[in-house]
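The values are calculated or read from the model by the stated rules, or taken from the named source; none is laboratory data. Computed from a prediction, not measured in an experiment: that's the story for all the values here. Here the Cβ is made from the backbone with ideal geometry for all residues, glycine too, and neighbour counts use every protein chain on show. Areas reflect the complete protein model, heavy atoms only, side chains present, ligands, DNA and RNA absent. Shrake-Rupley method; radii C 1.70, N 1.55, O 1.52, S 1.80 Å.
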Amino acid sequence: MVVPGIIDAHLHLAYAVKDRRGLNCFFEPDAGLDAILSAVEGCVKTVKPGEWIAAKAWDSGLLPVLTSAAALRRLDAITPDNPVIMRSDSIHDRWANSVALKKAGVTKDTKDPKGGKIGRDPQTGELNGLLIEIPAAELVDPISPLGDFMAGESTEQLDEQARLLLPLGVTGWNDALVTAETAQAYSELEKAGKLHARVGLSINIDPNRMKPSEFPALYKSLATIDSGHISTKFAKIFLDGTPVSKTAFVLEPYLPDVEHGSDYHGTPFVKQAVLDQAVTALDAMGVSVKMHATGNGSVREALDAIAAARKANGPKGPFHTIAHAGHIAPADVPRFRPLGAIIDASPTLWYPGSIMDAIVGTLGKERGEAFFLFRTDIRNGVTVAGGTDWKTLPAEYSDLWDGIEGMVTRRNPTGKPSGRLHPEEALDLGTVMRIYTINSAIALSIDKVAGSLEVGKSADFSILNQNIFARPPECISGTRSILTVFEGKVVYRTDRDEEPACN
């Protein structure tokens, strides 16, 4: 079956390099504390004293257990001579042992970095090893195998990761958080003739540290990288964290706990007035802004910032995307279309599994499960673009077709756990394929040349190993490309064309 080239509106190619090279310890995604400690104890036997153990990815639902300093003492007991750092399944949080904290100079008296939190036992105030959100994780990451979250990558490393996308039929993507250094590496990859895709690069912008007056110089310095295949006319701004660690900004309070009380909403990372100025300035420059917003409060903040930009600059500016936007206040759904705002969805984040369980644990069942209501969004005229958030998720890049299947079935494609979330929000496969092709092309501003098979557009397409419209929806997750073509040139081919089994 022939389909247009898949366009992933949200992935982290540069970060995937660190994941594949840095991790040396693994356990099941739903592992409990005992299983995690057992796995780490086994990993200790494979390294020398003093060597790092870097592991993934603990279930965010374990946060209430890990907040106790007793859990850290158990970890320390089996790792007295090795620094340990473990990522959460949300990627935003870490759990480190005392050896690692000491190497990083983190003590009980260390102040929380802006936008992050050093974990302390709510009863005793002792360190518990948790590092909540990236600014806190960056206290340890740079000296660990995980490396600096925002460090650039080499051309060779990007090439290694980009080649993983071709067997999935991917011919375009937005790298959702990059530095100028990584942008230059992309440019060198293209010049070497190894970039077989159209790529948007979302440059990291922190409005709390960078003034709008500084934006023109930054984007002028990046302009030489822009080409027919690469665009740097994108920005990434974090508005909040995640609901699993109560760092998302929500309109109604989280479920009460000892640490936060009964009226805690989370805190926006960027004040509204500051965000309005940043988005307005970027919009005036023709830069499309991707805003990370997982709480409905931050989604509203993002829409208000886009509204401020449209009021100041007129309605003809670039589309802006709100990344994730799983929880949206009903009153805000109709605002997307007239504002030219797009939902950048990552469906593998929501279907039944550990992340959804953790969200329910902080928001309650009714609110927590009312997540990614795609049919409601589309009925209200919202353009939904498809992303994977690869590689911040625990699995490999098969997440792409897992996510597509999940949007159709509202089930976890692995079958574990069972059940469906809001089955009335299921979409037909044709709509989902448009989400991952033409809609994502619109989000990347490449819809005039890609995203559909039409006369006059680029020959970007793939031949799949099955007719996904003729087989049961439970077969979709096994889809792979047997031939991927970019600009009329075969860039991937395999002789393995057997139909996949169904879950």
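Structure above, values below:
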| read-out | value |
| --- | --- |
| Carbon + sulfur, % of accessible area of the chain - ligands and nucleic acids excluded, 1.4 Å | 54 |
| Along each principal axis, Cα extent of the stretch 207-294, largest first, Å | 52, 27, 17 |
| Rel. contact order, % - alpha carbon contacts under 8 angstrom, at least six apart, the stretch 67-185 | 22 |
| Cα-centred dipole magnitude for the stretch 18-177, charges only on beta-carbon of K, R (+1) and D, E (-1), debye, nearest 20 | 400 |
| Rounded FRET efficiency, nearest 0.05, which uses the C-beta distance separating Asp76 from Val449 and R0 of 60 Å | 0.60 |
| Relative contact order (percent, whole number), the stretch 427-503, Cα cutoff 8 Å, 6+ residue spacing | 23 |
| Computed helical MRE - 222 nm, the chain, DSSP H runs ≥ 4 contributing -39500 (n - 2.57), nearest 500 | -8000 deg cm²/dmol |
| Extended-chain gain in nm, criterion 0.36 nm per residue less alpha-carbon gap, Glu499 and Ile463 | 11.7 nm |
| By accessible area with a 1.4 Å probe, ligands and nucleic acids excluded, highest first: order of Val449, Val408 | Val449, Val408 |
| Lys, Arg +1 and Asp, Glu -1 on Cβ, resulting dipole of the chain about Cα centre, debye, nearest 20 | 820 |
| Where only C-alpha atoms are counted, convex hull volume of the stretch 389-472 per residue in Å³ | 134 |
| Cβ-placed point charges (K, R +1; D, E -1), dipole of the stretch 303-413 about Cα centre in debye, nearest 20 | 560 |
| Cβ-based net charge around Ala9, under 13 Å, with every Lys or Arg adding one and every Asp or Glu removing one | -1 |
| Extension gain from Thr224 to Val2, taking 0.36 nm per residue of separation minus the Cα-Cα distance | 76.4 nm |
| Efficiency of FRET between Thr124 and Lys416 - r from beta-carbon atoms, R0 41 angstrom, step 0.05 | 0.65 |
| Where the stretch 154-243 is the region considered: accessible area per residue in Å², 1.4 Å probe | 37 |
| Contact order normalised by residue count of the chain, Cα under 8 Å, 6+ apart, percent | 17 |
| Whole-Å semi-axes of the ellipsoid equivalent to the stretch 350-503 (Cα gyration tensor, √5λ, descending) | 28, 20, 14 |
| Where the stretch 1-114 is the region considered: accessible area per residue in Å², 1.4 Å probe | 40 |
| Unsatisfied cross-links (Cα-Cα over 21 Å) in the set Lys114/Lys211; Lys56/Lys271; Lys220/Lys457; Lys233/Lys448; Lys48/Lys103; Lys220/Lys290 | Lys56/Lys271; Lys220/Lys457 |
| Rg/Rh for the chain, where both radii come from Cα atoms and Rh is the Kirkwood radius | 0.95 |
| Cβ-Cβ FRET estimate between Val274 and Glu424, R0 fixed at 35 Å, reported to 0.05 | 0.35 |
| Mean Cβ count within 10 Å, highest first, over the residues of peptides 264-272, 216-224, 419-427 | 264-272, 419-427, 216-224 |
